[in-house]
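Here the structure comes first, spelled out in structure tokens, and everything after it is commentary.
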Amino acid sequence: MSPPEAPHLRALVLGSGGGGGVPQWNCRCRVCRLAWDGDLRVKPRTQSSLAVSADGETWLVLNASIDLRQQILATPAMQPKGGDRHSPIAAVLLTNTDVDHAAGLLALRERQPFMVFGTRATLDAIGANRIFDVVAHDVVPRRAVELFDPFEPLPHLSVELFPVPGKVPLWLEEGEVRTDMIGDATVGVSVEAGGRRLVYAPGCARITDELHKRIAGAHALFFDGTLYADDEMIANGLGEKTGRRMGHMPVAGPGGTLDELTRHDHVRRVLIHINNSNPILIEGSPEEEVVKAAGWEIAYDGMEVRP
Ligand code: MLT
Ligand code: MN
Ligand code: ZN
């Protein structure tokens, strides 16, 4: 037997799209139309999820996408190996309770032991929905995690949650909605293994000092790439909300992500959770060029990063 390999952080993008994926089931916007028509300039994308591992054998899935079953079918590393019942997915961590991030738990309901991690607020929201009890508590324990309190969901993989400005999920919105709340409803994740570190923040309304600090200490960043322009949904006749109203800062424009995170050009920076309206999804588009020229990569399903 060969000696076990030293821990080595790796990340696999299971789903690079935002809510709805690409193409979205009912959409023929500029981007979706190309995807429906099979134009190779737009890669189809499933919904938001990133898997991380220290050994390539057991994985922590950051956000259980509503497309999780499809993602497992497309990803050999996520498929059962040996024995009658097995899964490389040993744990799931939710960064919030958006449908695209949490509903995938329902795909993992066959009495397979794994752990679910999230903040108290996240686990309370899941706990209040009895449909999630189908993922039986006796085989799938849920563990509440405190912000700023590092833990090891898998051996040799250290994880720490920190608050990121955001809002309650769409399905819990009531009355006036604060879109950049700091608390434990929306979190970013720091993941470390073998001395390498990545930060994952698929939903972020605004850059904070805390985020700057986290990103500065990381080797790779997977960051909210939902919309290119704040008014892109409105301008394309797709909806009435700005990105900021949805709790997502735009990629471009004043106060956008490219602007705000230029100082971190030593970090490998990847946009993830990309909405179907976002023109960076069209390869060769001027917007894609802008993002690449600023030193950013655009996540795609199946992308592997070894920070
Ligand atoms: C978001 O990221 O804003 C949500 O996924 C929106 C939604 O629930 O469709
Ligand atoms: Mn989302
Ligand atoms: Zn679309």
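The values are calculated or read from the model by the stated rules, or taken from the named source; none is laboratory data. Note that the structure is a prediction, hence the values are computed from the model and not measured. Here Cβ is always computed from backbone atoms with ideal geometry, including for glycine, and neighbour counts include all displayed protein chains. These area figures cover heavy atoms from the full protein model, side chains too; ligands, DNA and RNA do not enter into them. Shrake-Rupley method; radii C 1.70, N 1.55, O 1.52, S 1.80 Å.
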D224, D84, reordered so the largest accessible area comes first (probe 1.4 Å): D84, D224
Rg(Cα) / (2.2 N^0.38 Å) computed for the chain, rounded to two decimals: 0.95
GNM top mover of I282, I131, I272 - the chain, alpha-carbon springs below 10 Å: I131
Relative contact order of the stretch 1-108, pairs being alpha-carbon contacts under 8 Å that are 6 or more residues apart, as %: 27
Residues in the stretch 286-307 that a label on R30 would reach, taking backbone N under 11 Å of a point 7 Å out along Cα→Cβ: 286-288
Anisotropy class of the stretch 135-174 from Cα gyration tensor, a/c 1.5 cut: oblate
Accessible area per residue, Å², the chain with all protein chains present, probe 1.4 Å: 45
Overall form of the stretch 256-305 per C-alpha gyration tensor (a/c, 1.5; a/b vs b/c): oblate
Cα-centred dipole magnitude for the stretch 228-307, charges only on beta-carbon of K, R (+1) and D, E (-1), debye, nearest 20: 300
Whether the stretch 41-125 is rounded, prolate or oblate, judged on the alpha carbon gyration tensor where a/c under 1.5 counts as rounded: oblate
With DNA, RNA and ligands ignored, accessible area of F223 (1.4 Å probe; Å², nearest 10): 0
Relative contact order [Cα under 8 Å, 6+ residues apart], the chain, whole percent: 20
Solvent-accessible area, 1.4 Å probe, carbon plus sulfur percent, for the chain: 52
Residue among V187, V140, V13 with the largest mean-square fluctuation in a Gaussian network model of the chain, springs linking Cα atoms under 10 Å: V140
Under 21 Å from the Cα of K213 - lysines, other chains or at least 8 residues apart: none
Hull shadow area, averaged, the stretch 211-289 [alpha-carbon convex hull, nm²]: 5.4
Relative contact order of the stretch 53-172, pairs being alpha-carbon contacts under 8 Å that are 6 or more residues apart, as %: 24
